[in-house]
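Engineer: My structure is below; once you've seen it, I'll send some questions.
The values are calculated or read from the model by the stated rules, or taken from the named source; none is laboratory data. From a predicted model like this one, the values you see are computed outputs, not experimental measurements. So basically every Cβ, Gly included, is an ideal-geometry build from the backbone, and we count neighbours across all protein chains shown. All accessible areas refer to the heavy atoms of the entire protein, side chains included, with ligands and DNA or RNA removed. Shrake-Rupley method; radii C 1.70, N 1.55, O 1.52, S 1.80 Å.
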Amino acid sequence: MADRRVNTTGKDKGGDIIMLCNSDEYWLFEHKNEAIQHIERGVHSYYVSEAGYRSEIHVYTDKDGIKRLATSAGGSSANNLENLPDY
C-alpha cells in the first residue's frame, strides 16, 4: 500500500473534488472514483500535508447517496482538501 500525498485537486464547475493530484509524484493524478476504490479496499491511502499538519483523506456518503472525498479535521485550513489549488 502506498501512502500518497495530495497537493492539488481537480474540481468540477460546482466545486466538487473529481481528482486527487500531485505533479511531483509518478502517479500525477487519480480520478475520484479510483481514489475512492483505493481507500475503501486499502490499496492506497491519501493525505494532505500543509502548514505542518497532516490530514487523512477519507470517503463519506452524502445525503443523496453519492460517495465523496474529504479530509479529516486538521490543525490548519490549508490542510482542507477543498482549499488546495487546482491542478
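Engineer: DSSP loop (so not H, G, I, E, B), at most 10 other Cβ within 10 Å: list which chymotrypsin sites (Phe, Trp or Tyr not before Pro) in the range 1-61 pass both filters.
Structural biologist: For chymotrypsin sites (Phe, Trp or Tyr not before Pro) across the range 1-61 that sit outside H, G, I, E and B with at most 10 neighbouring Cβ atoms in 10 Å, the list reads 26.
Engineer: While we're looking at this one, here's another question. Let's see if you can work this out: charge +1 on each Lys and Arg Cβ, -1 on each Asp and Glu Cβ, no other charges. What is the dipole magnitude of the chain about its Cα centre, in debye to the nearest 20?
Structural biologist: Roughly 140 debye, rounded to the nearest 20.
Engineer: Which one is right for this structure if Cα Rg over 2.2 N^0.38 Å is calculated from it: (1) 1.46; (2) 1.00; (3) 1.06?
Structural biologist: (2)
Engineer: Right, something else. With a cut-off of 8 Å between alpha carbons and a minimum separation of six or more residues, what is the relative contact order of the range 31-72 in percent?
Structural biologist: 32
Engineer: Next up: How charged is the neighbourhood of residue 12? Take every other residue with its Cβ under 12 Å from the Cβ of residue 12, and add Lys/Arg as +1 and Asp/Glu as -1.
Structural biologist: Computed value for this residue: +2.
Engineer: Of the DSSP beta bridges with both residues in the range 1-47, give the percent that are antiparallel, rounding to the nearest 5.
Structural biologist: Close to 65 percent.
Engineer: Of all the accessible heavy-atom surface of the range 35-87, with the other protein chains kept in place and a 1.4 Å probe, what percent is carbon and sulfur?
Structural biologist: Reported share for carbon and sulfur atoms: 45 percent.
Engineer: Nearest-5 percent of antiparallel DSSP beta bridges in the chain?
Structural biologist: Counting DSSP beta bridges with both partners in the chain, the antiparallel share is about 75 percent.
Engineer: Relative contact order of the chain, please, whole-number percent, based on alpha carbon pairs below 8 angstrom and at least 6 residues apart.
Structural biologist: 28
Engineer: Oh, and also: Extending each Cα 7 Å along its Cβ direction at residue 78 and residue 66, get the distance between those two points in nm, one decimal.
Structural biologist: For residue 78 paired with residue 66, the spin-label model returns 3.0 nm.
Engineer: Run the quick spin-label model on residue 13 and residue 31: label points 7 Å from Cα toward the beta carbon, then report their separation in nm to one decimal.
Structural biologist: 2.0
Engineer: Tell me, what is the per residue accessible area of the range 1-64 in Å², probe radius 1.4 Å?
Structural biologist: That works out to 60 Å² for each residue.
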